[in-house]
Each structure stands twice: as C-alpha cells, then as structure tokens.
Amino acid sequence: MSYEPDGHDQPPYRPEGQQPSSGRQQGRQQGPPQYAPQGGRPQPPYARPPQGAGPYGGPPQGRPQPPRAPQGQDQYRPGGYDEATQAQPRYERPDYEQQRYDQPYQQRHDQPPYGYAEPYYEEEPRRKSKAKRWIIAGVTVLALGGIAAGTMTYFEIPPFTDKGKEVSFGQTPGGDKNGAAKQAPNSKMSMPTGPKTDFKNTSTLSDGTQIGVATITGKKSGFSGKVWVWAPKEYNDPKFAKSGFPVMIALPGGAGYPNNYWMGTDLGLQTSISKWYHEGKGKPFLLAMPVLNPGPDDKGVYWDGSDIPGQPKMGTWLTEDVPDLMRENFRTVKSRDGWAFMGSSTGGFAGLKAVLKHPDKFKAVIASGPDIVPDSSLWKGYDKEKAENNPEVLAKQLIDKKGPDVYLAFQVGDNESNKKTLPDVQKFVQTYTKGPIHTSLRVIPGGQHNAKTYVPNMGLGPMEFISKVMEGPVE
C-alpha cells in the first residue's frame, strides 16, 4: 500500500468526459493540473525540493506553498475566474517545483519521495519491524523484572518478601481482645493467656511457616531482649485447633547476642523439627529462641545463663520470662511434660543447668558439646551463688531428693576443639545417671564443636530419647 505525504490517497479529480493524456510527460508536464470542481484551493504537486528547501519541497518551515504574487495582483495566472471557459484559473508551478516526469522516479534513501509519482511507504514491513521491536523490548523488560524480583527476594527487599510483616500464630477460639480464653479445668493444654505480642516476620520457610521476632521486657528479670519464635505447620492444622503443643527453648553457643543463631534457616533446625515429627522420631515442638547474654561477648565474658549478682538476671529471663511469653501467645502444654531446652556449647550448659535447677518446670534437655561447670569470670567473689548454678551440685541434690525425673540427652563430637569436653561429659553421665536422672550420650564420629555438626545428629538419638517421655499435642 502506498501513502501520500499529506495523507490523501485518492487519484486526481478529472471533469466528466475528459480523458487523461497519453504518456507521463503529456499528462504531468503539458496538461494543467486538475482541481476539485467546487472551487477548492488548488494543491500543487509535490516536487523534489531544491537545495536549502524544507524536507517536503517547500519553504524550510511548514507545508510547501506556492510563491505569493505582489500585493494587489492575483497569485494565479491568468487572474480570476475565466467566464468564457468556466474553467478554474490555472496555477503555474514556479521554477523550483519543475520536475521531469518522463523518467521513472528514483527514490532516495535519505528523504521521502516527492512529485506526482505515488511515493511508496512500505507500511507492512514497518509495522512488522515495530512489532518486532516491541516484542524484544517486552521480553527484555520481563527478563530484567524477573532478575530484579529474584534478587530482591534473595536479599529480602520489599515488596518481594514478608520480612517485617506481622505474624499471627493461629487463632484464639473464644478468647478476649488480649488473647485470653476459657478452657476446661481438667484440660492438659493451656490456651494463650495474652496479652498478644506483636511479632514481626524475619524468615519464611519453604513450607510456608514463619519465624517471628519481638523485643520484650521480662516482667520478672527486668531484662529487655529479642526472642524469635516458630510454630510447625501442624499448629495451624484444624485437626489440632484445640491442642496444646510442647515448647523447646533453643539456646545458642558463643556470645548469643544480639542474635540467636538457631533463628536462621541455614542450620535447618525448624525444618528438622518437622521432619523428625513426620518420621515418628520427635514432637512438633514450638521453638522459642531468645538471646542468651545481655551484651556482646567481650574478651570471653559471658553470663552462664544465670542470675549473677550485680548482673542482668539471665537465669530468670530464660526460665521464667521466655516461657511466660510462649504461654501468652501459644497453645501450650500445662505441665512440665511439654517443656524442654536444647543448646550447644554455652547454650548447652545453660539448658542443662535450667532443667536440673527447675525440674518442676522442665522435663528434658538436649545438650550438645556443653560445659559441665560454670566458668564465667563474673562469678568472682560469689562462690555460694556459683555453686547454686553448678550442674554437678544440682544433679546430686536432685538425686538426694529423689525427683522429679529429668531426661538429659548429650551429644559430643570426638573432634571437639576443647579436648576436655567429651571426657567431662562422659564423667558426668557415669557419675550422675541414677535415680531420677536419666541420660543418653551420642558420640559423633568426626564431630566438631559447631551447630552444623549437632543439628543432623539430634535426629539420630537425642531427639527420640526426650520425645518418648514428653507430651503433646494434647487437649
């Protein structure tokens, strides 16, 4: 399809009965141009512009116009309307518009065609070319968008992440605005007591479960710190809507501040909890992952998860404030049969000591590569208080009192960085496994002193050992 420069694609008008002259030269050069019979303004043909003219054969600006006559003289020759012939006045092209029409028009590539010869704009190919460019542009935008979305998701950049959004761990059937709910007096489970804590998402697992975090101030310890929480998928299963779940308080090693490394997903603790439950090796534990220490581990200074005089009450924080937080926000098991600790290194020591010191509140612990005795430099001058937080002393007192029963699952690598760790644990097991104290020990071949060693090995004995004696989910 061809296209006229000014938008018209109709052939020139000829009066009725007039035949076109033969030959391009006679029809285009000798014969007068034809005009509309209604006296419309004649439109000159377009010709190739001279040097310096505008892009379409006229003056440099705007649509090409014929030269104007001097003032008072008609711009058409002969002037006016010819009454004898009743013909329209003839327009004579100026010299700069003259063009030979006896030769085929040769299109130049640097400007559009001119003259009476219909210029051809290859409209269809241009449309295809534009369509192709649009397709390429669209595909490029989609590809870049996909890369950007993937990058933002990986680095947890909103809006491609749930990080920072409020996390709701199930509903509270029949509860009031603070989350409290009524329950049967003989029930083994405890409904959330409230007030509800404002947890924010910090990670989302592949199964859709979320890890939430909140900073709380312990009502009993007075200490303010972060606690990360997680609930297995079963917690929101309608089948367990009226069931209380067991709680495991997971403690890290090292400084344990300002983070708790169990709250990350790289170690796989949360996914392992679910896996072991479906394999029949463990319970569907709720996880509480608090900071272990009140500040950075500066030059080996730590707090032993204890209430050291003159220091923040980290023992009260771990054994009272964190459990209270879980009871306020989750359906839990009423009795100590649904409460346990787990930890590695210093966290293993703190969990072991908590169970032995509060056997009325906690039933079991998984202690990986733990210290056996308190050794913080902050105990200096407080020997009595230090002994009250010594697992060896506490184990002897529990044996003497004949209960209640506790279950201590140890696991230690045979390639620990501290070569005393395995012998010390072996000695403790040999000395204090009696009466109400039940123990198991897994020695990990080639195992080192790190969480990556401990997590996969928990499912090969320790988790099953404590899960057999714990309860949950219960109604």
- Task: Mind checking the per residue accessible area of the range 186-308 for me, 1.4 Å probe, whole number of Å²?
- Result: 39
- Please give the FRET efficiency for residue 384 paired with residue 419, using the beta carbon to beta carbon distance and R0 = 25 Å, rounded to the nearest 0.05. 0.20
- Amide H neighbours of residue 286 under 5 Å, counting only residues 5+ apart in sequence or on other chains, H built in-plane at 1.01 Å? 247, 248
- Starting from the residue with the highest accessible area, list 169, 428 in decreasing order, probe 1.4 Å. 169, 428
- Query: If the cut-off is 20 Å between C-alpha atoms, which lysines fall inside it for residue 386, apart from same-chain ones fewer than 8 positions away?
  - Reply: 313, 353, 357, 396
- Note on the structure: To the nearest Å², the heavy-atom accessible area per residue of the range 383-473 with 1.4 Å probe amounts to 50
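Taking 35 Å as R0, compute the FRET efficiency from the Cβ-Cβ separation of residue 405 and residue 166 and round it to 0.05.
Values: r = 40 Å, r/R0 = 1.15.
So, using R0 = 35 Å, E works out to roughly 0.30.
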- Message: Under 5 Å between amide hydrogens, which residues at least 5 positions from residue 189 or on another chain qualify, with H placed 1.01 Å from N in the peptide plane?
- Response: 334
- Item | FRET efficiency, residue 298 to residue 448 (Cβ-Cβ, R0 25 Å, nearest 0.05) | 0.50
- Please name which of 366, 311, 413 has its Cα lying farthest along the dipole of the range 277-434 towards the positive end, using unit charges on Cβ (Lys, Arg +1; Asp, Glu -1) and the Cα centre as origin. 366
- Item | Accessible area of the range 360-475 belonging to carbon and sulfur atoms, whole % at 1.4 Å probe | 49
- Message: For a bin width of 5 Å, list the pair-distance distribution of the range 342-475 built from all Cα-Cα distances, rounded to whole %.
- Response: 2, 11, 21, 23, 20, 13, 7, 2, 1, 0
- Task: Quick one: order 263, 342 from most to least accessible surface, probe 1.4 Å.
- Result: 263, 342
- Message: Quick check for you: which residues of the range 202-221 have the amide N under 14 Å from the point 7 Å beyond the Cα of residue 361 toward its beta carbon?
- Response: 218-221
- Message: Once you keep just the Cα pairs under 8 angstrom separated by 6 or more residues, what percentage relative contact order results for the range 249-321?
- Response: 34
- Message: Using 0.36 nm times the number of residues separating residue 144 and residue 426, minus their current alpha carbon distance, what extension gain do you get?
- Response: 95.7 nm
- Ordering of 377-387, 238-248 by burial proxy (mean other Cβ atoms within 10 Å per residue, highest first): 238-248, 377-387
- Message: Quick check for me: using +1 on Lys/Arg Cβ and -1 on Asp/Glu Cβ, what's the dipole size of the range 323-475 about its Cα centre, in debye to the nearest 20?
- Response: 160
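Once neighbouring chains are kept in place and the probe is 1.4 Å, which whole percent of the accessible area of the range 245-346 is contributed by carbon and sulfur?
Exposed carbon and sulfur together represent 49 percent of the surface.
The values are calculated or read from the model by the stated rules, or taken from the named source; none is laboratory data. Given the structure is predicted, the values throughout are model-derived calculations rather than measurements. Note: ideal-geometry Cβ built from the backbone for every residue, glycine included; neighbour counts use all protein chains shown. The protein model used for the area step is the full one, side chains on, heavy atoms only, and it has no ligands, DNA or RNA in it. Shrake-Rupley method; radii C 1.70, N 1.55, O 1.52, S 1.80 Å.
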